[in-house]
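A.B. asks: Encoded as structure tokens, here's the structure I'll be asking about.
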Amino acid sequence: MASEHGGNTLDPIHQFEIQNIYPMEIFGIDASFTNSALYMVLTLILSAGFLIFSMRGRALVPGRLQSVAELVYEFIANMVRQILGSEGMKFFPFVFTLFIFVLFANTLGLFPLPMVFTVTSALIVTFALAMLVMVVVVGYGLYKHGLGFFKLFLPDVPVILLPILVPIEIISFLSRPISLSLRLFANMLAGHVALKVFAGFIISLGSLGTLGILATVMPFAIGVALTALEFLVAFLQAFVFATLTCIYLRDAMHPSH
Amino acid sequence: MEVDAARYIGAGIACLGMGGAGIGLGLIFGNYLAGALRNPSAAAGQFTNLLLGFALTEALGIFSLVIAFLALYG
């Protein structure tokens, strides 16, 4: 850990602090505009702006930007089609929106912007996203199959095993939003903390004189490599979030396996 | 003072869980590579599964890291 635990300069946790930008209160509820809200809005503007701007030409032979947008679209569309089948394509807009939001929020937090804040490194944000997925899954399952949705908890095994397996299935279903949100949150948190810890090593090595300054090459190189890895993780976690959403939706579509 | 010491020791113990994630990731990538060398034409189709397994396994290791951070700063 950084040497000055609790200090502002070398504290790797400081980046996750919510800062008030514009304090306001609605009916006694603190609804201040914070740096988290700022970056959520920025994510929304950038993602919508990117997709609208890149597709404005709708050229038959796509340009550079349009092919990026088409690549992302095709990538998620193929994934949804593979997992949910072609009748599951009605969920494509939902999954694509989640993917793009998480992807842009993850990536935006890696750029050195003023007051930068990774939206997905706050547990409440990822938990809200995961609960949205669960509400859609349960809501669609009940709407489509009625009480037959609860066959999800009845695995195809001998009756004697059911008293053991049904509670396990129920617990595993209930822990889905927790694991879904914690996975994204923890990956973002750990990645950013690791980056800041290695950045802190550079500062503490640099204060050791000439030899120390020469040695800063090592943590700097690791920092560069970690940043590249974080971009991969940012994409991968968005993809995993979308894939797991699809897998949960498949349960809602075919509850009896 | 003792609470601080216990906190650091606890954080260290919590990080042991990452070793399991390391073993798991080694198994995933090793087996993928072994399978890919035997049948290179089928490797590309399993790449998304590889990434999915990587992310799911890595997440478990990171859970233990979160516990370590909770012990340190929580």
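A.B. asks: State which residue pairs qualify: first residue closer than 15 Å to residue B:70 by Cα and inside region B:1-19, second residue open to solvent by 60 Å² or more (accessible area, probe 1.4 Å) and assigned to a helix (DSSP H, G or I) in any location, beta carbons under 7 Å apart, and separation of 6 or more residues or different chains.
C.D. replies: B:14/B:67
A.B. asks: What number of residues within region B:30-74 satisfy the criterion of being open to solvent by 50 Å² or more (accessible area, probe 1.4 Å), more than 14 Å from chain A (Cβ to nearest Cβ) and not aliphatic (A, V, I, L, M)?
C.D. replies: Qualifying residue count, region B:30-74: 6.
A.B. asks: Check residue A:72 against each of (1) open to solvent by less than 60 Å² (accessible area, probe 1.4 Å); (2) at pLDDT below 90 and name the one condition it does not meet.
C.D. replies: Only one criterion in (1) open to solvent by less than 60 Å² (accessible area, probe 1.4 Å); (2) at pLDDT below 90 is unmet by residue A:72, namely (2).
A.B. asks: Condition (residue is in contact (Cβ under 8 Å) with a residue 12 or more places away in the chain, closer than 18 Å to residue A:112 by Cα, surrounded by fewer than 17 Cβ atoms within 10 Å (Cβ to Cβ) and among the β-branched types (Val, Ile, Thr)) applied to region A:232-240: is it met by at least one residue?
C.D. replies: No, region A:232-240 contains no residue that is in contact (Cβ under 8 Å) with a residue 12 or more places away in the chain, closer than 18 Å to residue A:112 by Cα, surrounded by fewer than 17 Cβ atoms within 10 Å (Cβ to Cβ) and among the β-branched types (Val, Ile, Thr).
A.B. asks: Looking at (1) more than 17 Å from the chain's Cα centre (by Cα); (2) open to solvent by less than 10 Å² (accessible area, probe 1.4 Å); (3) farther than 30 Å from residue A:78 by Cα; (4) not hydroxyl-bearing (Ser, Thr, Tyr), find the lone condition where residue A:198 falls short.
C.D. replies: (2)
A.B. asks: Further question: Having 1 or more residues that are among the basic types (Lys, Arg) is the bar; report the helices (runs of 4 or more DSSP H) wholly within region A:1-119 that clear it.
C.D. replies: A:64-84
A.B. asks: Given the structure, is residue B:11 within 11 Å of another protein chain (Cβ to nearest Cβ), out of contact with any strand residue (DSSP E or B) (no Cβ under 6 Å at 6 or more places or on another chain), open to solvent by less than 50 Å² (accessible area, probe 1.4 Å) and more than 25 Å from residue A:234 (Cα to Cα)?
C.D. replies: Yes; evaluated as a whole, the condition is true for this residue.
A.B. asks: Report yes if some residue within region A:96-118 is small (Gly, Ala, Ser) and loosely packed, with under 15 Cβ neighbours inside 10 Å; otherwise report no.
C.D. replies: no
The values are calculated or read from the model by the stated rules, or taken from the named source; none is laboratory data. These numbers were taken from a predicted model, which means no experiment stands behind them. Neighbour counts are summed over all protein chains in view; Cβ atoms, including those assigned to glycine, are modelled from backbone coordinates with ideal geometry. Side chains are part of the model used for accessible areas, which takes the heavy atoms of the whole protein and leaves out ligands, DNA and RNA. Shrake-Rupley method; radii C 1.70, N 1.55, O 1.52, S 1.80 Å.
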